[in-house]
Each structure stands twice: as structure tokens, then as C-alpha cells.
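Here is the structure we will look at.
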Amino acid sequence: MNTRSGSNLNSLLYSVFLFSLLITHLSFSHVLADSHFEGFDAEDDDAAEEETLDPNLLRSPPVTQSQSSSIIPDAKSEISSDLEPREDPDVDTPLQPQLDLPKQTTTSFEYWDEDEFEGLPVQQPPVEAQKVVENATSEDPDVKTAQKPGEDAASRKSFTVEIVCGSFLIAFAINYFTGKRENENLALAWATKFATKDSIFEKNFSLLGVGEEDDSPLLLKEGQNVFKFYASGRRYCQGLLATIELKSRHDLISRLFNLVVPCRDEISFEVYMNDDAMDQVVFALARKKLAKGMQKELRDLQRFASLMTPPGGRKWVTEELTVISESKEVASDLITEAVLEQVFGEKAFEKYGKDFISMHISDQLPGTHKKMLLFKFALPDANHMADMTTLVALVPYYIDLIGRYKLSSQAHSKTDAARLKAAQEAYKELQSTRQEALQKKKAEKKKMLEESEAKLSAEAIRKKEAKERARQLKRGMPKIKMTRAH
């Protein structure tokens, strides 16, 4: 019995001891809360103890009582979540009431004191915006570092077209001026060699250049690659016109094209013969491939001349050349021994004829001047202009040769018959062309009348038919001649 009563007494003492400890702990916590935050609940005091705020973050406008319910709790909750200090639970941290703000309860405003927040800073950016700015600031270096290679590649790619176009324009401009200068130097080199004092043309013509004065220019520039030279004042001819056609060195695209398809600089001479100084002659001399094309394309060679075979028993032109002539007599007379030895022979052509292209002599050319001598040569570079001296000398030589040349009576009769036949064919062609033009005109007129009749009404058609019948009846009636009786 004594043992049971003793155990009960121990249990009671133990319970009283625990209860007294609980009472002591609760009373101590209440005293701490009352000493620092008067007018607030104990639960709010516990949360306020754990928060230490940075005064630099509190930059809100003056808080009014109407805004306190929405601003203070939200700001307090965000600040407490982001800026909560990490403390050691075993170490007591002294409280800083001068930096802590009381937390407004969400249940009641009976303890709110508006004067307690006097003196706060004027502006405070929203905490969420500040977090976004801080996060962006901290993440910007990484983002820039990650996007920099891509941005550089895109920048290089975006300027590729502009760089290429700019480079092409610069190259085009540089090539324009350099190519222009090259062509001018080449043309001047030719004029210096063959059109100045004591040159071939100065000895054979009395007037050189485009003007009558002594200081007139020798060359007339018609384009960046076309130059012309005129000479007159010589027997048997009215004048000479030389046209220098150079490669389009000033054009970058043409220069690149010439690298794939090579071409040469050329010079052509047109000699306008007097009508009474040239007999009936159709003759051409050119390289084989070019001669076949000339014979098919040029009208006078197609009508009057044909390809000539080398005659036997005498020297003839080199195998690289082909003769097109109206008769063998003309070919033999125009290809003289002097020409064969100096230019068109086998050995001479290898040395002096490399720049020869063609020669065409005819009295049946189309255009105003029918009697002309045409020469075409390739132009060497400026440093080797003397290589074509022998070819240029052919021009005055053939002017004198053609001016003095007369056909035999037998050859003359053949050429007269050929020209008469050609004239008749030309007249027939002209008549047929006129007839075709008249028929075409009548057909167009008839078509227009039919279209206009189709647009007429039925009444207009009836009147037109009646008028046509009356005209036909009037034609069918016998004609009566009336005389006046005296």
C-alpha cells in the first residue's frame, strides 16, 4: 500500500514540474515580446526577430494608412523570403530595433501608428523588379558570352554581300581608268608610228587628221575603245578612213570574258575610190575560214566572185590564205610578184603576215560609195607597232594598182554581162517587193472594209445593197449620145 502511494506521489510531482516549466517558458517569451514590440502579437514578434532588413532597400514613398494594408505586408513577405539572415541557432544575435520594421498584421489595424514610419526614404523600387534587374545583371555576362559567337557570325554574314559589291565596284572603277589609259596609249602609239612626220601616210596624203589646220588632232575618239583616223589629198581616191577597234579593256566584265574567249585589237582601212579611177573589179583575199564566210555573207562576192584554185606554173599565195575573184585574170593581175615576195608568199607571210586578216576590193559594194578598198589587220602591242609596217604599206600600193588597172576587152565583156544580169535580177526583186507591198496593202484595206461592214446594222446593209444594184443597172443600160439640133 505504501509502495503504490509512493508511485502516485512521484507521478504527481513530475507532472507539476513539467507544468511549471511550461508556464515559465511562456511567461519569459511574453516578456521579451512586450519589451521590444509593444502592440503586436507574439506570433508576429517571433517572425520579426528572425528578420534583419537592409535600409538601402527601403525606398518607398511615404506610406499612408490607405495603402498600408497592401504595400507593407507584400513587401515584408518578399523581403523576409529573400533577405532572411542565416544564423546559428546556438548563438544569440542581438536585436536591432532601429533597423527592423514592425510587421503589420492582416487581421486588424487597431495597433497601427502612422507616425512610427516618419523619415523613411521617398522612393523604393518594387522588390520583384529589383530582383529581375539583379538577376539580369548577374546573368548578362553569361548571356553575352553565349551569344557573342552567333552574333559575330550573323554580323559577318550580313555584311558579306555589301563587302562583295563594294569590292566589285572598286575593282570596276580601277579597271575602267587603267583600261581606258591602255587603249589610248595603244592608239597613240599607232598614230605616232604611221601618221606623224616622215611616216607612210604623211608621205602619201596631203591632209592628215580630222581638221584642216596644222594643229588639228590626228585621232578622233568615238568611244573608250574606238578611234578613227582620216586622210585625204591623194590621186585615184577621195580619202581614207582608218578605224581602230580595240578590246574593251575599260570594261571589267569584257576583260574577264576575253580571258575565256580571246580576241585581238583590229584596225580597218576604208579607201573611197573615184568612180572613173576604178574598173569593174571584185576581189578578196583572206584566211581560209574567214574567206568561206565572206563568200557566203557578202552580196557582191556571192553574186560575182567564186573561190579560186591555185594556178599552175607560177607562184601563189600561202596555203593559209584563200583567193576569191571574179575571174582568174583579175586574181593574177592583183597578186603581183612584189606582193608575194614581201607579204603573201610562204616565207614572207610567216614573218610579216601574222597580223593580216583580210583584203576586199569591189565596185559593187552596197551603200553610197560602191567602189572601195577594204583592209583589215590585227594590231600588235605598243612596243611592236613597227611589225605591221609592211601590211600598212599595202594600202597605198593597192590604191595606185587599182587606179591604174584596166581589164582586157574579153574580161570586160564578161563583167558587163554579169553586171547586166545582176541589174535585171535586182530590178525583178524590186518589182516583186513592190508587188508584195501592194498586195499586202490591198488585203489590209479589204479586211478593214469587211470589219466595218460587220459592224453595220441590217438597214444600212440593205441600203448599201440597193445602191450597189442601182449602180450595176446603170452600167448595163446602153449609152445614148444626145446632140443638139441646129
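Where a number appears in this text, it was derived from the coordinates with a stated rule and is not lab data. This structure is a prediction, so every number in the text was calculated from the model and none was measured. FYI the Cβ positions are ideal-geometry reconstructions off the backbone, even for glycines, and counts take in every protein chain you see.
Say R0 is 56 Å: what FRET efficiency, to the nearest 0.05, do LEU256 and GLU453 get from their beta-carbon distance?
Working: r = 62 Å, r/R0 = 1.11.
Given R0 = 56 Å and the Cβ-Cβ separation, E is 0.35.
For the residue pairs LYS228/LYS370; LYS296/LYS414; LYS247/LYS296; LYS292/LYS370; LYS289/LYS406, alpha carbon separations beyond 24 Å are given by LYS247/LYS296; LYS289/LYS406. Here the label points at LEU430 and THR160, each 7 Å from Cα along the C-beta direction, are separated by 6.6 nm in the simple model. Take 220-230, 324-334 and order them by the average number of nearby Cβ atoms within 10 Å per residue, most first; the result is 324-334, 220-230. The packing ranking of peptides 457-464, 312-319, highest mean first, is 312-319, 457-464, where packing means the average number of other beta carbon atoms within 10 angstrom of each residue. When you count the other C-beta atoms within 10 angstrom of each residue and take the mean per peptide, 195-203, 396-404, 280-288, 443-451 line up highest first as 280-288, 396-404, 195-203, 443-451. The label-point distance for GLU212 and SER306, in a model that sets each label 7 Å from Cα toward Cβ, rounds to 5.0 nm.
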